[in-house]
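**Student:** Dropping the structure in here first, questions after.
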Amino acid sequence: MAELDADIAVIGGGLGGVAAALAAAESGARVVLTEESDWLGGQLTSQGVPPDEHAWIEQFGCTRSYRRLRNEIRDHYRRWYPLTAEAAADPYLNPGDGRVSRLCHEPRVAALVIESLVGPLIAAGRLTVLREHRPVAAAADGDRVTAVTVRDLAGVETTVTAPYFLDATELGDLLALAGVEHVTGFESRDVTGEPSAPDVAQPDNQQAMSWIFALEHRDGEDHTIDRPADYARIASFVPNGWPGPQVGLTAPDPRTLETVTRQFLPNAETGPVVADQSKDPGDKELWAFRRVLSRRVFRPGFLASDVTLVNWPMIDYLDGSLIGADEQERQRHLAGARELSRSMLYWLQTEAPRPDGGTGWPGLRLRGDVLGTEDGFAKLPYIRESRRLAARTTIVEQDLSYAVRGDAGARSYPDSVGVGMYRIDLHPSTGGDNYIDVASCPFQIPLGALLPVRVTNVLAAAKNLGTTHITNGCYRLHPVEWNVGEVAGRLAAHCLATGRSPGEVGEKPELFAEFSTLLDQAGVETAWPEIKGY
């Protein structure tokens, strides 16, 4: 067994893990970063989800380093791709001209940009990255974690020791392995007081995961995949509260639950795209919804087809969760999620209605290169919900719900270390719930939500901070995850440098003020201007 020693160990290389590792290493710490995929970036890259962001992202509402990531992605396209003159000059370049975000791009490009960000720190010897390593064990001494063991694809294990451990895994794996108090699934209304919570806790009821895939369309060609073995069952399954089968184009509207039939027309001329979640969710026209390459953004002849990512409720896997699953069950769920996505693709190729009265789009072709795979599917499933830290501060629905808070705005935290904004957006769940979608106020991230109630040297650094099942629905998005990870990295480095504990920084106003000044200097926004939610 190999051994590594570091000042800070970041377990998980998603967006939060990358932000944490960058912040800690740039602060002078020696950092080990582990990641189960060969790509860093998590939901932005290996899971295939371009950024879901709020309406003001181009002006304010994220950290300086997150804005740098976005700018570097745009600059990559300007430097290497044959953009039209208009697109090249657009400061808000949207390579996919997609509706879900003002920056829809290939996951592959985000992975390349992240490599460019971590590369100098690797070269300087301040950052060691262990790719394709999953955490499998942890050791603790009282209220401190002393070591974490990770295992690579060949079964070789490495034990990492450090004064501080940051959990940036997709499922909060370190919390479970190290015995750090945490919760899963739905809390009860008696515990949280949340209007949308059930009467009884449902720890196994979690948001669906999805296995995303990339598509283009080639007229006159036939790229129809083999009929999935379980297609008949999957194609006839009707989720609770749905008007018909999940595989199709008709589904509930997330915000109203009214029945809506989506449009799907490959390479359709969509006209000007509104990429503003406050005005249009963008999910009624599915080709442009998560389009990541748009022909009209590039010089004529460069692209034979647009490229779009399928991340729709029609591929939300409802048969179980990876959290708490043994290896056999885990593999069953992973295979089931892929089979659902393959079934949706097969339906699109063979049964989807066309404007000419025919059915099926056989010219739909998988584009694995966009996702770094040979088969056209993302490297990993998109994980919406993690184990969540039993934290010193738990963020509840009534802290930020627009229906509760109104124009007074979200709860203000004296220990704010960041900001975020998104509707409380809960997809259908493994417990049979339909959408829960609640308007939100622009909110803050309290430092107490990153701090365990007991363990002294572990910090939440991703979607595993102290939210509830409900508020996870708006704290799980890209800029918030990055913000959480960055603050965790900076806090661990600050505590190493000063000899203070994270708990002391969170509890003592004068120590928190000192840390808050460091965040301000690093470009971490901790308060919103006067704006209203949606």
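**Student:** Assuming 1.306 mPa s and 10 °C, estimate D for the range 396-530 with Stokes-Einstein, Rh taken as the Kirkwood radius over Cα pairs, in µm²/s.
**Tutor:** Working: Rh = 15.5 Å.
The diffusion coefficient I find is 103 µm²/s.
**Student:** Now for a different question. Leaving out ligands, DNA and RNA, what percent of the accessible area of the range 324-423 is carbon and sulfur, probe 1.4 Å?
**Tutor:** Numbers: 1820 of 3950 Å².
Its accessible area is 46 percent carbon and sulfur atoms.
**Student:** Kindly give the semi-axes, whole Å and largest first, of the ellipsoid equivalent to the range 198-345, taking each as the square root of 5 times a Cα gyration tensor eigenvalue. Walk me through the numbers before you get to the answer.
**Tutor:** Numbers: eigenvalues 178, 83, 44 Å².
Its equivalent ellipsoid spans semi-axes of 30, 20, 15 Å.
**Student:** Still on this structure, I have one more. Over the Cα atoms of the range 110-171, what is the Rg over Rh ratio if Rh follows Kirkwood? Each step should come with its number before you reach the end.
**Tutor:** Values: Rg = 13.7 Å, Rh = 13.5 Å.
That ratio equals 1.02.
**Student:** Here's a follow-up. Only helical DSSP H runs with n ≥ 4 go in: add -39500 (n - 2.57) per run for the chain, normalise by residue count and round the 222 nm mean residue ellipticity to 500 deg cm²/dmol.
**Tutor:** Details: 14 runs with 143 residues, N = 534.
Using -39500 (n - 2.57) per qualifying helix, the result is -8000 deg cm²/dmol.
**Student:** Along the charge dipole of the range 67-208, pointing to its positive end and built from +1/-1 on Cβ of Lys, Arg, Asp and Glu, which listed residue (Gln207, Tyr92, Leu166) has its Cα farthest out?
**Tutor:** The residue sitting most towards the positive pole is Tyr92.
**Student:** Could you tell me which GluC sites (Glu not before Pro) in the range 476-534 are loop residues by DSSP with no more than 12 other beta carbons within 10 angstrom of their beta carbon?
**Tutor:** On the way: sites: Glu481, Glu486, Glu504, Glu507, Glu510, Glu514, Glu525, Glu530; in loops: Glu525, Glu530.
Sparse-neighbourhood loop GluC sites (Glu not before Pro): Glu530.
**Student:** Can I ask one more? Per-residue accessible area for His133 at 1.4 Å probe radius, Å² rounded to 10?
**Tutor:** 20 Å²
**Student:** Roughly speaking, what is the stretch gain from Val274 to Ala232, that is 0.36 nm per residue apart minus the C-alpha to C-alpha distance, in nm to one decimal? Provide the component values of the computation, followed by the final result.
**Tutor:** Values: separation 42, 0.36 × 42 = 15.12 nm, distance 3.70 nm.
Here the answer is 11.4 nm.
**Student:** Let me ask something additional. If the reach is capped at under 23 angstrom between alpha carbons, list the lysines near Lys463, excluding any in the same chain fewer than eight residues apart.
**Tutor:** Candidates past the 8-residue exclusion: Lys379.
**Student:** Once you charge only the Cβ atoms, +1 for Lys and Arg and -1 for Asp and Glu, what is the size of the charge dipole of the range 404-534 about its Cα centre, to the nearest 20 debye? Could you put the intermediate results ahead of the total?
**Tutor:** Numbers: 10 positive and 14 negative charges, 50 e Å.
The calculated dipole for the range 404-534 is roughly 240 debye.
**Student:** What is the range 331-376 by shape, rounded, prolate or oblate, if you read a ≥ b ≥ c off the alpha carbon gyration tensor as root eigenvalues and call it rounded for a/c under 1.5, prolate for a/b larger than b/c, and oblate otherwise?
**Tutor:** Details: a/c = 4.55, a/b = 1.60, b/c = 2.85.
Oblate, since a/c reaches 1.5 and b/c is not below a/b.
**Student:** Along Cα→Cβ, 7 Å out, is where each label goes; now give me the distance between the ones at Ala304 and Gln59 in nm to one decimal.
**Tutor:** 4.4 nm
**Student:** How much space per residue, in cubic angstrom, does the convex hull of the C-alpha atoms of the range 411-454 take up?
**Tutor:** Details: hull volume 4.6 nm³, N = 44.
Measuring per residue, one finds 104 Å³ for the Cα hull of the range 411-454.
**Student:** Right, something else. Give me the number: length gained by fully extending Thr146 to Arg500, i.e. 0.36 nm times residue separation minus the C-alpha to C-alpha distance, one decimal in nm.
**Tutor:** Numbers: separation 354, 0.36 × 354 = 127.44 nm, distance 1.76 nm.
Net length gain for the segment: 125.7 nm.
**Student:** Leaving ligands and nucleic acids out of the surface, order Lys279, Lys379 by accessible area at 1.4 Å, largest first.
**Tutor:** Details: Lys279 150, Lys379 45 Å².
Descending order: Lys279, Lys379.
**Student:** If you take the charge dipole of the chain about its Cα centre, with +1 on Lys and Arg Cβ and -1 on Asp and Glu Cβ, which of Met1, Trp312, Trp361 is farthest toward its positive end?
**Tutor:** Trp361
**Student:** Please list the non-local residues whose amide H lies under 5 Å from the amide H of Arg365, H modeled 1.01 Å from N, same-chain partners needing a gap of 5 or more.
**Tutor:** Glu216, His217, Arg218
**Student:** If you don't mind, there's one more thing I want to ask. Would you mind checking which residues have amide H under 5 Å from Thr169's amide H? H placed 1.01 Å from N; only 5 or more apart, or other chain.
**Tutor:** It is Leu174, by chain and number.
**Student:** Given bins 5 angstrom wide, list per bin the percent of all Cα-Cα distances in the range 271-349, short to long.
**Tutor:** Percent of Cα pairs in each bin: 3, 12, 16, 17, 15, 14, 11, 7, 4, 1, 0.
**Student:** Using only Cα atoms, what is the ratio of the radius of gyration of the range 1-74 to 2.2 N^0.38 Å? Don't skip to the answer; put the middle values down first.
**Tutor:** Values: Rg = 14.1 Å, N = 74, 2.2 N^0.38 = 11.3 Å.
Working it through for the range 1-74, the quotient is 1.25.
**Student:** Please compute the Kirkwood hydrodynamic radius over the range 248-298, one decimal place, Å, based on all pairs of different Cα atoms. It would help to have the intermediate numbers written out before the result.
**Tutor:** Numbers: mean 1/r = 0.0826 Å⁻¹.
That comes to 12.1 Å for the range 248-298.
**Student:** Principal axis extents for the chain, Cα atoms only, whole Å, descending order, please.
**Tutor:** Principal axes ranked by extent give 70, 53, 52 Å for the Cα atoms.
**Student:** For the range 44-114, which whole percent of the accessible surface, found with a 1.4 angstrom probe, sits on carbon and sulfur atoms?
**Tutor:** Values: 1240 of 2350 Å².
Result for the range 44-114: 53 percent of the exposed heavy-atom area is carbon or sulfur.
**Student:** Normalized C-alpha radius of gyration of the range 325-444, against 2.2 N^0.38 Å?
**Tutor:** Values: Rg = 20.5 Å, N = 120, 2.2 N^0.38 = 13.6 Å.
Working it through for the range 325-444, the quotient is 1.51.
**Student:** Let me ask another. Treating only the Cβ atoms of Lys and Arg (+1) and Asp and Glu (-1) as charged, compute the dipole magnitude of the chain about its Cα centre; round to the nearest 20 debye. Could the numbers behind the result be given before it?
**Tutor:** On the way: 51 positive and 73 negative charges, 173 e Å.
It comes to approximately 840 debye.
**Student:** Shifting gears a bit: Label-point separation (nm) for Thr456 and Asp369, each offset 7 Å from Cα along Cα-to-Cβ?
**Tutor:** Placing both labels 7 Å beyond Cα along the Cβ direction yields 5.5 nm.
**Student:** Between Glu86 and Leu257, what FRET efficiency follows from the Cβ-Cβ distance if R0 is 35 Å, with the result rounded to 0.05?
**Tutor:** Once the sixth-power term is evaluated, E becomes 0.30.
**Student:** Assuming a viscosity of 1.002 mPa s and a temperature of 20 °C, what translational diffusion coefficient in µm² per second does Stokes-Einstein assign to the range 42-109, Rh being the Kirkwood radius over Cα pairs? Intermediate results must be reported in sequence, preceding the final value.
**Tutor:** On the way: Rh = 12.5 Å.
Rounded to a whole number, D works out at 171 µm²/s.
**Student:** How many Å² of accessible area per residue for the range 390-479, probe 1.4 Å?
**Tutor:** Details: 2070 Å² over 90 residues.
With the other protein chains kept in place, the range 390-479 gives 23 Å² per residue.
**Student:** In addition: Local charge sum around Leu103 (other residues, Cβ-Cβ under 14 Å, Lys/Arg +1, Asp/Glu -1)?
**Tutor:** Working: positive: Arg67, Arg68, Arg70, Arg74, Arg78, Arg99, Arg102, Arg290, Arg291; negative: Asp52, Glu53, Glu58, Glu72, Asp75, Asp90, Asp97, Glu106, Asp276.
Its environment carries a net charge of 0.
**Student:** Work out which helices of the chain, taken as complete DSSP H runs, extend at least 18 Å along their axis over the Cα atoms and score a mean Kyte-Doolittle of 1.0 or more, then list them. Display every interim value, and only then the final one.
**Tutor:** On the way: long enough: 64-80 (24 Å, -2.42); 107-123 (24 Å, 1.53); 327-350 (34 Å, -1.10); 478-498 (30 Å, 0.21); 509-522 (19 Å, 0.25).
Counting only whole DSSP H runs, the qualifying helices are 107-123.
The values are calculated or read from the model by the stated rules, or taken from the named source; none is laboratory data. All values derive from a computational prediction rather than experimental measurement. When we count neighbours, we look across all protein chains shown, and the Cβ atoms used for this are built from the backbone with ideal geometry, even at glycine. Keep in mind that these areas ignore ligands, DNA and RNA; they rest on the heavy atoms of the full protein, side chains included. Shrake-Rupley method; radii C 1.70, N 1.55, O 1.52, S 1.80 Å.
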